[in-house]
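Here is the structure we will look at.
The values are calculated or read from the model by the stated rules, or taken from the named source; none is laboratory data. Keep in mind it's a predicted model, so treat the numbers as computed, not measured. Here the Cβ positions follow ideal geometry from the backbone for every residue, glycine too, while neighbour counts run over all protein chains shown.
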Amino acid sequence: MALTTQEFAFVCGLVRREAAIVLEPGKEYLVEARLLPLARRAGIATVGEFVGRAQRERLLAEQIVDALTTNETSWMRDREPFSAFTDVVLPELAAARPPLHRLRVWSAACSSGQEPYGLAMLLEDALTGGRQYEIVATDISAEMIERAKAGRFSQLEVNRGLPVPLLVKHFQRAGTEWQVSDALRRKITFKRVNLAAPLAPMPAFDVVFLRNVLIYFDLPTKRAVLQSVRRLLRPDGWLFLGAAETTIGIDDGFQRVVAGRASAYRPRASVAAPVNVMGRR
């Protein structure tokens with residue numbers, strides 16, 4: 001049974017209030033598809049009844065927010081930003097930072113963990129001379145944070161973009177699943193963070209991956225998120241957004257640069273215009 005106008009309006013208001021995500025009319029099918037498994041798991045006959053109970057039960061309302069802020073992900077999604085990270089960004093940072101400087105990377109919407117674990121694998125292979133790093137991985141979904149912390153992935157999940165040499169090097173078999181090595185997991189700190197809310201103080205980052213998140217926000221929220229990220233980024237740091245996202249017209253404190261075959265953004269005061277940073281090939 002399809003959601004009523006009132007039920008859909010409740011869901012829209014809930015996710016906008018809790019996560020600043022805007023659901024436009026016409027997305028009823030998405031809401032129904034995401035909530036049907038929750039209704040079945042709770043033993044509730046219809047999605048509409050589930051939404052009705054969520055208006056009275058906070059736990060069910062939290063499950064709705066989790067379900068609608070969780071997105072499909074894969075390893076090295078859109079490969080060019082990751083090539084730019086290893087070919088352009090890391091060599092520049094290694095040259096600009098003292099040897100004892102620990103590189104700090106933020107995966108700001110880590111979902112089930114593919115992005116931060118993928119970044120860690122690239123860093124393990126790229127950094128030399130004992131250079132240390134740490135990754136902070138955040139997501140609004142408590143369920144996704146717990147999944148990411150566990151570091152376990154199905155065969156189907158590892159088949160989605162993970163190069164075989166990295167799988168062999170950094171994973172072990174765990175029954176029918178694959179487990180990320182303990183050494184790699186120790187490099188990553190997972191936290192639940194709502195990007196649309198005021199951010200808690202964190203040490204400055206050298207690189208921020210904020211990919212495929214801004215597209216769900218309205219303009220004021222995009223502007224607030226970018227300003228918060230810029231405050232946490234080093235003056236010569238790097239920001240990677242999704243292919244359909246930009247800071248242009250939203251936050252003039254960033255400047256777009258070309259890094260290899262990808263676009264990235266840097267705090268405007270740290271770069272001279274125009275900039276075209278070409279990666280090694």
Hey, any hits in region 174-186 for a residue that's within 15 Å of the chain's Cα centre (by Cα) and either in the same structural domain as L119 (by TED's automatic domain parsing) or more than 18 Å from S112 (Cα to Cα) (or both)? no
Single unsatisfied condition, E134 versus (1) farther than 18 Å from D236 by Cβ; (2) modelled with pLDDT of 95 or more; (3) crowded, with 24+ Cβ neighbours inside 10 Å: (3)
Regarding region 64-75, can at least one residue be identified that is in contact (Cβ under 8 Å) with a residue 12 or more places away in the chain, on the phi > 0 side of the Ramachandran plot, in contact with a Phe, Trp or Tyr (Cβ under 9 Å, 6 or more places away or on another chain) and surrounded by 16 or more Cβ atoms within 10 Å (Cβ to Cβ)? no
Matching entry among F190, F153, F217, F171 (being surrounded by 18 or more Cβ atoms within 10 Å (Cβ to Cβ), within 27 Å of Q255 (Cβ to Cβ) and aromatic (F, W, Y)): F217
Let me spell it out: the conditions are (1) over 25 Å from I21 (Cβ atoms); (2) modelled with pLDDT of 95 or more; (3) assigned to a loop (DSSP other than H, G, I, E, B); (4) of a type outside the set (S, T, Y), and P274 meets all of them except one. Which number is the exception? (2)
Let me confirm something: among L23, L35, L59, L30, which residue is under 25 Å from D218 (Cα atoms), modelled with pLDDT of 90 or more and outside the structural domain of N159 (by TED's automatic domain parsing)? L35
Exactly one condition in (1) more than 29 Å from Y265 (Cα to Cα); (2) assigned to a loop (DSSP other than H, G, I, E, B) is false for H101; which is it? (1)
Of the candidates L166, L162, the one satisfying the condition of being surrounded by fewer than 19 Cβ atoms within 10 Å (Cβ to Cβ) and assigned by TED's automatic domain parsing to the domain that holds R186 is L166
Please give the helices (runs of 4 or more DSSP H) falling wholly within region 135-223 in which 2 or more residues are of a type in the set (D, E, K, R). 142-150, 182-185
Answer from E32, E57, E115, E80 - the residue that is over 14 Å from the mean Cα position of the chain (by Cα), crowded, with 19+ Cβ neighbours inside 10 Å and of a type outside the set (A, V, I, L, M, F, W, C): E32
Among residues of region 242-263 being part of a strand (DSSP E or B) and within 19 Å of L119 (Cα to Cα), the residue farthest from the chain's Cα centre (by Cα) is A259
Identify all residues within region 64-103 that are within 18 Å of A148 (Cβ to Cβ) and not hydrophobic (A, V, I, L, M, F, W, C); write none if there are none. D66, T69, T70, N71, E72, T73, S74, R77
Test for L239: is it within 17 Å of the chain's Cα centre (by Cα), part of a strand (DSSP E or B) and either in the same structural domain as S107 (by TED's automatic domain parsing) or of a type outside the set (G, A, S) (or both): yes
Would you mind telling me which numbered condition in (1) over 30 Å from A61 (Cβ atoms); (2) touching a residue at least 40 places away in the same chain (Cβ under 8 Å) R131 fails? (2)
Every residue in region 3-49 that is touching a residue at least 40 places away in the same chain (Cβ under 8 Å) and outside any helix (DSSP H, G or I), please. L3, T4, A20, I21, V22, L23, T46
